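Heads up: the structure comes next, in structure tokens.
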Amino acid sequence: MNIIYLHSHDTGRYLQPYGHAVPAPNLQQLAEDGVLFRKVFNAAPTCSPSRACLLTGESAHSNGQLGLANRGIYLAYPQHHLANFLAGHGYRTALCGIQHLVLDPRDLGYEWIVEAGSPTAQDGVGITDAAVEFIHSQHDRPFFLDIGYFETHRVFPEPGPDEDPRYTLPPAPLPDTPETRYDMAAFKRMAKMLDDHIGRVLVALDEAGLADDTLFIYTTDHGLAFPGMKCTLTDHGMGVALIVRGPSGFSGGKVVDGMISQIDLFPTLCDLIGAQQPDWLEGRSFLPLVDGAVAEVNEEIFGEVTYHAAYEPKRAVRTPRWKYIRRFDDRSITTMPNIDNGASKQFLMAHGLAQRPVHPEALYDLIYDPNEAANLVADPAHAEVLVEMRTRLDAWMQRTDDPLLRGPVAEPGHPFADHPDVPHPAGVDASIKPAWFTREKLDIRQ
């Protein structure tokens with residue numbers, strides 16, 4: 001069985017197969033032919049950490065990816081990466097596009113590499129060209145193909161004729177204004193570009209006669225790059241799409257409602273290929289959800305942020321009913337560098353976003369408050385639930401030896417020397433430049 005892992009940037013679940021007015025006909029067809037998972041969550045809602053968690057089956061503080069690779073923080077244990085694991089089990093491994101974890105993708109176990117930003121993969125079209133080339137190449141063994149797109153990361157293109165801002169609804173956390181409607185219309189334009197690329201990959205699989213023998217996985221790293229979404233531990237930041245099509249029951253247009261973390265994908269793949277699960281895995285196989293044997297495989301999942309564009313240490317635990325979030329710094333207002341710039345951010349900044357308070361702790365009832373807007377921490381009626389959720393989070397942090405238990409976490413490389421207003425942990429020397437400033441991109445074909 002071949003495996004294709006295709007991932008986009010900053011897409012959340014704002015796509016046609018999840019009921020949103022964001023046309024994605026190729027992903028819609030993939031869902032109708034495969035299995036759509038409605039309650040999937042990343043383990044860290046920032047770009048590099050989320051990918052590292054999915055591809056190692058570990059939490060970010062376990063695999064060392066506590067921040068962004070493009071800011072000098074790299075995966076501590078590349079030998080745990082899925083490509084290395086599958087290469088050790090006879091797979092040919094390939095990367096087309098973004099990997100966002102280490103300086104040299106060969107360290108992750110990739111053999112055939114066309115990295116994003118190389119002369120032949122300057123954009124999504126080039127990445128897709130490389131993926132199609134690989135699919136049509138000769139294969140003497142099963143392959144693992146990682147296809148990583150920049151879409152739908154900012155900066156968005158201008159909306160096209162089919163994305164009229166006047167008839168667009170902004171995402172749930174945002175007010176309905178001309179600015180936010182325009183911003184979402186621009187997102188829709190880029191989502192169409194993404195879907196077009198995916199369609200080309202699916203056609204190539206059909207042309208090569210490989211579709212029936214290939215597990216095709218589509219997912220994304222975290223929520224949209226809008227205020228209150230990306231880099232937050234609410235479901236707006238942690239909620240992601242997952243659509244899988246292929247052998248072993250991933251067919252027929254099934255919809256699964258069980259709660260899944262992206263760290264559960266690695267053990268699921270181990271079960272599918274008949275490989276023993278390595279001892280570092282923290283997730284569990286969700287195959288019982290696919291065959292209908294159980295309604296849930298997780299009674300709790302966890303999320304974390306340590307670094308993004310700024311230090312913002314926070315952790316979360318989610319059950320089917322409750323979400324609990326705790327911050328580990330003394331910052332009392334919104335961390336502005338961790339919100340991507342755009343029309344929506346500019347509109348909210350004009351209405352006091354930079355002075356918005358943040359909660360040291362938050363408890364949300366996901367049944368009656370799915371947008372996680374009403375913090376119940378101070379509500380005596382929920383005191384027992386609060387204690388239970390605190391206990392769940394504490395136990396996980398201790399079980400996984402979270403470095404926040406020992407105080408502020410210093411960032412390797414400290415790459416914010418040119419940004420003195422960006423918050424750092426106390427005592428961190430911000431004068432050291434990271435190695436990534438001078439590293440060149442790779443473009444390797446074997």
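Laboratory data are not the source of any read-out in this text; all were calculated from the coordinates shown. The model shown is predicted, which means the values in this text are computed figures rather than measured ones. For neighbour counting, all protein chains shown are included, and Cβ atoms are generated from backbone atoms with ideal geometry for every residue, glycine included.
A compact table of results
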{"quantity": "Simple label model, 7 Å out from Cα along Cβ direction - R399 to L169, nm", "calculated": "3.8 nm"}
{"quantity": "Sequence-distant residues sharing a close amide H with D146 (under 5 Å, placed H)", "calculated": "Y5, A94, L95, C96"}
{"quantity": "Inter-probe distance in nm under a simple model that places probes 7 Å from Cα toward Cβ, at R321 and Q346", "calculated": "4.5 nm"}
{"quantity": "Vicinal HN-Hα couplings computed from phi for the stretch 270-287 (Karplus, 6.51 cos²θ - 1.76 cosθ + 1.60; Hz; Gly/Pro x)", "calculated": "4, 5, 5, 9, x, 9, 5, 6, x, 6, 7, 5, 10, x, 9, 4, 9, 4"}
{"quantity": "Prolate/oblate/rounded label for the stretch 156-236 (Cα gyration tensor, a/c 1.5)", "calculated": "oblate"}
{"quantity": "Whole-angstrom gap from the stretch 1-54 to the stretch 335-359, using each part's C-alpha centre", "calculated": "26 Å"}
{"quantity": "Protection proxy ranking, peptides 99-108, 385-394, average beta carbon neighbours within 10 Å, highest first", "calculated": "99-108, 385-394"}
{"quantity": "For H89, H382, H236, order by how many other beta-carbon atoms lie within 10 Å, fewest first", "calculated": "H89, H382, H236"}
{"quantity": "Cα lying deepest toward the dipole's positive end in the chain, options Y324, A208, P49, charges on Cβ", "calculated": "Y324"}
{"quantity": "Ranked list, fewest to most other Cβ atoms within 10 Å of each Cβ, for F266, F347", "calculated": "F347, F266"}
{"quantity": "Antiparallel %, DSSP beta bridges [both residues in the chain], to 5", "calculated": "50 percent"}
{"quantity": "Positive dipole terminus of the chain, leading residue within M259, T400, M389 (C-beta point charges)", "calculated": "M389"}
{"quantity": "Extreme residue, positive dipole direction of the chain, given options S248, L6, A410 (C-beta unit charges)", "calculated": "A410"}
{"quantity": "Cα-based equivalent ellipsoid, the stretch 301-406: semi-axes from gyration tensor eigenvalues, Å", "calculated": "25, 19, 12"}
{"quantity": "The stretch 2-296 - percent relative contact order, Cα under 8 Å, separation 6 or more", "calculated": "31 percent"}
{"quantity": "Cβ-placed point charges (K, R +1; D, E -1), dipole of the stretch 2-296 about Cα centre in debye, nearest 20", "calculated": "460 debye"}
{"quantity": "Linear extension gain, D206 paired with H136, 0.36 nm per residue minus alpha-carbon span", "calculated": "24.2 nm"}
{"quantity": "Phi to ³J(HN,Hα) by Karplus 6.51 cos²θ - 1.76 cosθ + 1.60 over the stretch 379-394, Hz, x for Gly, Pro", "calculated": "8, x, 5, 10, 4, 5, 4, 4, 4, 4, 6, 4, 5, 4, 5, 4"}
{"quantity": "At R0 = 22 Å, FRET efficiency that the Cβ-Cβ distance of A410 and Q355 yields, to 0.05", "calculated": "0.20"}
{"quantity": "Count of Lys pairs (Cα-Cα under 21 Å; at least 8 positions apart or interchain) in the chain", "calculated": "11"}
{"quantity": "Loop GluC sites (Glu not before Pro), the stretch 227-323, which have at most 10 other Cβ atoms in a 10 Å radius of their Cβ (DSSP)", "calculated": "E299"}
{"quantity": "Spherically averaged projected area in nm², based on the convex hull that wraps the Cα atoms of the stretch 2-296", "calculated": "14.3 nm²"}
{"quantity": "Magnitude of the charge dipole, the stretch 186-262, Cβ model with Lys/Arg +1 and Asp/Glu -1, debye to 20", "calculated": "340 debye"}
{"quantity": "Spherically averaged projected area in nm², based on the convex hull that wraps the Cα atoms of the stretch 276-347", "calculated": "8.3 nm²"}
{"quantity": "Order of K39, K314, K188 under a 10 Å beta carbon neighbour criterion, fewest first", "calculated": "K39, K314, K188"}
